[in-house]
Amino acid sequence: MILRALPIILALCITPASAEPLHEAVDAYALFQTDVSSLAAMEVRDADAMDEALALALRHDPRRVAQGYLAYGALTAAQAPEFVAGVRSRVGAAGRAPVLRQLNADITYARRRPPGSAQAIGLILAASGADSARMLTIGERYTNLADTMAYAPTQTEQRDQRSTRLRSLSTERLMLEPALAARIHPAALSASPLSDANAFGGARFWDALAGRATPTPSAVAWREANSGRVNRMLTLAGLYIVNAGATPRVREMLDDTRLGDCLAMEQLELRQCASVAASASEDAHCLARHGLTQSAACFADIGAPP
């Protein structure tokens with residue numbers, strides 16, 4: 001089987017240098033979520049289409065997706081009016097340089113000192129919960145597809161050729177088209193996820209970005225389960241709010257080894273599962289479990305329903 005051309009919403013190229021590390025990082029998460037949207041919408045009527053679905057799930061660098069997830073949380077926190085006002089009030093009271101020193105030196109400062117951090121944390125957890133929930137829903141779709149598929153068994157030679165191609169996908173570099181990228185680089189307070197589920201950081205943002213009409217999800221107030229990751233998102237948001245996002249410290253805080261390793265393990269499991277799958281039905285089960293459901297769990301450890 002030959003993998004067909006993937007949607008042209010993405011272009012293969014080397015990512016250009018960016019003056020804003022959060023923008024550069026969030027692009028990788030947007031690319032990932034754009035492909036999740038494609039997996040939700042695509043018609044999977046034959047084995048070739050199933051191969052294309054696997055390619056969509058496997059063409060992302062887990063480490064860069066993890067960095068992008070942190071950047072998305074940070075940029076979402078920067079849309080919390082109370083937190084932005086709190087950070088700016090600290091700059092007004094103590095001066096920009098002292099606030100920068102605190103943000104760079106103390107990972108808990110953005111949570112403890114500026115007023116309004118609770119609102120930002122709520123936005124971070126809500127966005128993460130919505131993203132994980134939609135991946136679980138799409139995972140259920142592929143589980144249901146697997147149970148109804150009746151395609152012919154995949155020939156061994158075809159499976160080996162496909163496995164070779166799938167192993168190479170995550171080394172390719174992807175970049176969003178400029179028009180799409182512009183929508184995921186919001187300035188502080190330029191989006192309103194608190195009142196608009198389609199806005200950046202909102203519960204329906206990725207579906208809205210893809211032009212998919214989806215029901216408004218029920219509001220679920222997640223409890224925080226990974227304060228270290230949330231602290232980094234808050235700190236990154238604080239630096240972004242005071243226009244100090246382009247520093248080595250920002251790039252350091254964007255690295256999340258635990259999340260990157262979790263996503264890398266699921267990617268490896270998906271490749272291995274697909275390499276021994278004897279039919280498109282088994283491929284769909286592999287994709288549902290490792291490409292969507294278990295990958296969603298990697299992100300979801302930041303919080304949990306009450």
Residue order, fewest to most beta carbons within 10 Å, for Glu24, Glu82: Glu82, Glu24
Among Thr34, Thr76, Thr247, determine the one that fluctuates most according to a GNM of the chain built with springs between C-alpha atoms less than 10 Å apart. Thr247
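Using the eigenvalues of the Cα gyration tensor, what equivalent ellipsoid semi-axes result for segment 10-304 when each is taken as the square root of five times the eigenvalue, whole Å, largest first? Numbers along the way, then the final one.
Details: eigenvalues 271, 70, 50 Å².
Largest first, segment 10-304 gives 37, 19, 16 Å.
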Could you put Val250, Val36 in order, starting from the residue whose Cβ has the fewest other Cβ atoms within 10 Å? Val250, Val36
Among Ala188, Ala278, Ala126: highest mean-square fluctuation, GNM of the chain, C-alpha pairs under 10 Å: Ala278
Sorted by Cβ neighbour density within 10 Å, fewest at the top, the residues Trp222, Trp206: Trp222, Trp206
Segment 10-304: relative contact order as a whole-number percent, Cα under 8 Å and 6+ apart: 34 percent
Which residue fluctuates most in the GNM of the chain (Cα springs below 10 Å): Ala264, Ala179, Ala55? Ala179
Which residues' amide hydrogens lie under 5 Å from the amide hydrogen of Leu174, considering only partners 5 or more residues apart or on another chain, with H built in the peptide plane? Cys13
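Bear in mind that the values in this text are calculations on the coordinates, not laboratory data. Bear in mind the structure is a predicted one, so any value in this text is a computation, not a measurement. Here Cβ is always computed from backbone atoms with ideal geometry, including for glycine, and neighbour counts include all displayed protein chains.
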